[in-house]
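The values are calculated or read from the model by the stated rules, or taken from the named source; none is laboratory data. Keep in mind that what you see is a predicted model, and the values were worked out from it rather than measured. Every residue, glycine as well, gets a Cβ built from its backbone with ideal geometry; the counts of neighbours run over all protein chains shown. In case anyone asks, the SASA skips ligands and DNA or RNA and just uses the protein heavy atoms, side chains included. Shrake-Rupley method; radii C 1.70, N 1.55, O 1.52, S 1.80 Å.
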Amino acid sequence: MMHHLVLVLVFGSISQTAFADIAGALASINEQTSWKTLSGAKKEIFDSKTLRSYRPHDSAIIIEYGFVKLTKAQLIHPEKKPLTIAIYEMLDSVAAYGLFTYLRPLTAESLIGIGNAGAGTASEISFHQSKYYVVLSSEPAETESRAAMLQISRAISKSLSNDFSIPMVASKLPTENRVPRSEKFVMGAEALSQILPLGDKDPFGLSTGAEAAIAKYEQAGGERATLLLIHYPTQQLARHMLEKGYRQYSSQYPGQTAFYKRDGPMVVLVLASNSPELATTLLEKVSYVSMVSWDPKVEPPNIGQVMINIFIFCGIMLGITLAAGFTFGIARIVIKRFFPGKVFDRPESMEVIRLHLEEKSQKPR
């Protein structure tokens, strides 16, 4: 019962924090810009059960990334056409980053200074920050609307926390010759099957807890390739899923040569390449190194101090033993004095063994 109470308190606290973050983000729009949330209109809130009504085609993928809820509102300005804001709350910053890379249009331009990373088109601006994925959109696309969306995005970004570190597997994607904004971080089979259709539900076993990153590469001479990295929980799982996934890819695309290698729990595949040289270069640029960090604040124990601590502990235990024995002795004496034969040495509970040595000595031999 106590464990359940603790869990309720923890999740309740997290939910209240997220609610305050979203409320603060919307309040920052009212305070820092001339745009306001529509007066009297309720914000639309979608959870995993109702998200399909708003995103019918990709709701399963959004949920797969770690979706919590979506808050949607309309922003109005007395002289401009309304804008729509959608704030996706995800489980963590990694999930928000993954959803951002998946939904980001390939034609979008990168935006600096908005969120941990931002992208924009003529009618939409999106960014991820902390565990939130934020989308601002306008219909139709206008230059004034884009300037307003940039201003609103910066205001929201300032109001949110900024905790994020790029997932390890995504950080392994080489940057040289990478097609801008082609990289995607994948956390499940649904998303990967849309990016790389293979006919099987989960040929590379992402449901085992694996994470993947995929990107396109092009060189000036027309050479191109797709690089897929998958990081598994164990090396054994990586070996097994590489064999299974490679067989499925070969049967689905028999005319394409796949280059691959396994480096510990990391699987590296170069797909749809028209250049063996580019494929080999990409394979060589990806390596997995297991890192063991040392905390300099933690000093190794001193053997002398360890022995002193042992003696101190033994002394404490000895003192406790003597004190307990002395207390029991005093209590026994006091009880026997005031309650003789009532608690200790009661006649009915005493048995005395007698040897009768005097009687034996008096018997004639």
Report task. Have a look at V134, V68, V94 and point out the one that is aliphatic (A, V, I, L, M), modelled with pLDDT of 95 or more, within 28 Å of the chain's Cα centre (by Cα) and surrounded by fewer than 19 Cβ atoms within 10 Å (Cβ to Cβ). Result -> V68
Query raised in the report: Which residue, of S207, S287, is among the polar types (S, T, N, Q) and touching an Asp or Glu at 6+ places or on another chain (Cβ under 7 Å)?
Result: S287
Query raised in the report: If you check S287 against the conditions, is it at pLDDT 85 or above, of a type in the set (G, A, S) and not in a helix (DSSP H, G or I)?
Result: yes
Query raised in the report: Do the conditions hold for P203, that is, is it under 27 Å from E176 (Cα atoms), in contact (Cβ under 8 Å) with a residue 24 or more places away in the chain, assigned to a loop (DSSP other than H, G, I, E, B) and touching a helix residue (DSSP H, G or I) at 6+ places or on another chain (Cβ under 9 Å)?
Result: no
Query raised in the report: Are any of the residues in segment 207-214 within 23 Å of I112 (Cα to Cα) and either touching a residue at least 12 places away in the same chain (Cβ under 8 Å) or touching a strand residue (DSSP E or B) at 6+ places or on another chain (Cβ under 8 Å) (or both)?
Result: yes
Query raised in the report: Can we say K158 is touching a residue at least 40 places away in the same chain (Cβ under 8 Å), under 16 Å from A86 (Cβ atoms) and of a type in the set (K, R)?
Result: no
Report task. Quick one: count up the residues across segment 46-77 that are within 14 Å of Q194 (Cβ to Cβ) and not hydrophobic (A, V, I, L, M, F, W, C). Result -> 6
Query raised in the report: Taking segment 25-53 as the region of interest, how many residues are closer than 23 Å to I152 by Cα and open to solvent by 30 Å² or more (accessible area, probe 1.4 Å)?
Result: 15
Requested in this report: Go through (1) part of a loop (DSSP other than H, G, I, E, B); (2) modelled with pLDDT of 90 or more and name the single condition A41 misses.
Outcome: (2)
